[in-house]
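Note sheet for the following structure.
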Protein chains: 2
Amino acid sequence: MSHTSHPSRTKILDGALHLIRSQGYSGTTIDDLCAAAGLTKGGFFHHFRDKEDLAIAAAGHFAQMAERLFAEAPYRSLPDPLMRLLGYVDFRVALLRGSLPQFTCLLGTLVQEGYQTHPAIREACERHIGAHAAEVAKDIALANDYYLPDAEWSAESLSLHIQAVIQGSFVLAKARNGPEAAIECLGHLRRYLELLFHYPKPEEETHVI
Amino acid sequence: MSHTSHPSRTKILDGALHLIRSQGYSGTTIDDLCAAAGLTKGGFFHHFRDKEDLAIAAAGHFAQMAERLFAEAPYRSLPDPLMRLLGYVDFRVALLRGSLPQFTCLLGTLVQEGYQTHPAIREACERHIGAHAAEVAKDIALANDYYLPDAEWSAESLSLHIQAVIQGSFVLAKARNGPEAAIECLGHLRRYLELLFHYPKPEEETHVI
DNA sequence: GACTCAGTACCGACTAGTTGGTACTGTACG
DNA sequence: CGTACAGTACCAACTAGTCGGTACTGAGTC
């Protein structure tokens, strides 16, 4: 944010991303984080006030990484907003290849665990999820203007639904210990979007993947 | 399961339902559970081998409650399987009225936090979520047979998608500290189902078993 | 019908280890 | 020098789990 992030700080945050996503927030100890970053307690508490401070910073770190990832994704350069929207879903499917702790969402994990006991963490997660959804909502709004000028649902509402499907598919992937079910869920999500926007158009028979 | 559940045991399980859903699994201590049930440590460990044993029992307890709740819900007596399916979604919307720790899913919370560190808990959650999804899938299969005999997706796949939307909407509700967004998500889910099954039918008035 | 005796349900003090966090020290560097 | 950064040592609080003991119940038995 303000000053350029110190390498040690970044190391701790990177470790937190992996550890919290695989063990949860309470399940991750500060010693775990220190070990992962090759530091000792003194170093840790130089960079973070307390554990909650780290969690909030980790949420920000995660959101920043995601922002870059999606901003630079190839689908972003498609000219049609509807194609970008479908491209977003396809891109998320492609992300479901790595190991579970890698593709899972830190924000969802954090908020599910601490929405009551750690209000500040909850607030941070809400903010970052909202920001990401708002990014997606831009394309939805454009597609709406063009294809469905009198849709009865708002762009924001649909973009939140998309986030819900993604978050829920992560839960399913964790429960089933593999991404297959999650991939099928995103398949249904894509079908929903196609049905909503009447894509592909009946007359212009396009070859779809 | 085997012997009739002792009242104290049930008290602990009921407390666990509420506590784990609002504080998470690691965030809930055995002392918390004892206090909620009006017991002491000795009593707790008389009924449960260890904390993980309790979590698995709580998952079963939750699933059993849910099974009863949905089995006795009014929409179950509708004659048309598609109406029952839409009724299920509407019923879930109606459930989103209570406070967050009340309507949230214990299985999702547990699995999100401990899918890696507690394989036995993960497995229990997978089983119970699967069982619930299978129940919903029955109506989907019936509706498919009647309305869409050559659908390209399986009943199981759609029922898992429905579960994903529900789980994801819980995450969203926690992040936003209120059920409004979750309700809208289920609205989109309902619209998807309507589009899939071409409901309501434009021309003919339907009345079938 | 008093008398074991086994089993269930529970208590509460205790322990061994862990946890988040503090205090102090050392060092490199401008 | 002072400031940024990191190591060492430590603590008080907490945590899961143990253990010996208590109260009560019910089934057998003489």
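The values are calculated or read from the model by the stated rules, or taken from the named source; none is laboratory data. Owing to the predicted nature of the structure, the values given are computational and were not obtained by experimental measurement. All Cβ positions, glycine included, derive from the backbone under ideal geometry; neighbour counts span all protein chains shown.
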Checklist entry - Which one is nearest to DNA strand D (Cβ to nearest atom), of the residues in the range B:31-40 that are part of a loop (DSSP other than H, G, I, E, B) and of a type outside the set (S, T, N, Q)? => result B:39
Checklist entry - If you scan the range B:43-59, which residues turn out to be more than 8 Å from DNA strand C (Cβ to nearest atom), without any contact (Cβ under 8 Å) to a residue 60 or more places away in the chain and surrounded by 15 or more Cβ atoms within 10 Å (Cβ to Cβ)? => result B:48, B:51, B:54, B:57, B:58
Checklist entry - Counting only residues that are assigned to a loop (DSSP other than H, G, I, E, B) and modelled with pLDDT of 75 or more, how many does the range A:176-209 have? => result 8
Next on the checklist: Just to verify a result, which residue in the range A:96-120, among those that are more than 10 Å from every other protein chain (Cβ to nearest Cβ) and under 23 Å from residue B:28 (Cα atoms), is surrounded by the fewest Cβ atoms within 10 Å (Cβ to Cβ)?
Outcome noted: A:120
Next on the checklist: For the range B:124-140, which positions are buried (at least 17 other Cβ atoms within 10 Å of the Cβ) and in contact (Cβ under 8 Å) with a residue 40 or more places away in the chain?
Outcome noted: B:124, B:125, B:128, B:132, B:136, B:139, B:140
Checklist outcome for this item: Within the range B:60-92, restricting to residues that are among the basic types (Lys, Arg) and buried (at least 20 other Cβ atoms within 10 Å of the Cβ), the one that is nearest to DNA strand C (Cβ to nearest atom) is B:92
Checklist entry - Has the range A:31-42 got at least one residue that is in contact (Cβ under 8 Å) with a residue 12 or more places away in the chain, away from DNA strand C (no atom under 13 Å from the Cβ) and either farther than 18 Å from residue A:120 by Cβ or of a type in the set (A, V, I, L, M) (or both)? => result yes
Next on the checklist: Give all pairs with beta carbons closer than 6 Å in which a residue from the range A:16-30 that is away from DNA strand D (no atom under 15 Å from the Cβ) meets a residue that is of a type in the set (Val, Ile, Thr); count only pairs at least 6 apart in sequence or on separate chains.
Outcome noted: A:19/A:28; A:20/A:28; A:21/A:104; A:21/A:109
Checklist entry - Does at least one position in the range B:154-164 carry a residue that is surrounded by fewer than 19 Cβ atoms within 10 Å (Cβ to Cβ), farther than 29 Å from residue A:134 by Cα and either more than 7 Å from chain A (Cβ to nearest Cβ) or among the small types (Gly, Ala, Ser) (or both)? => result yes
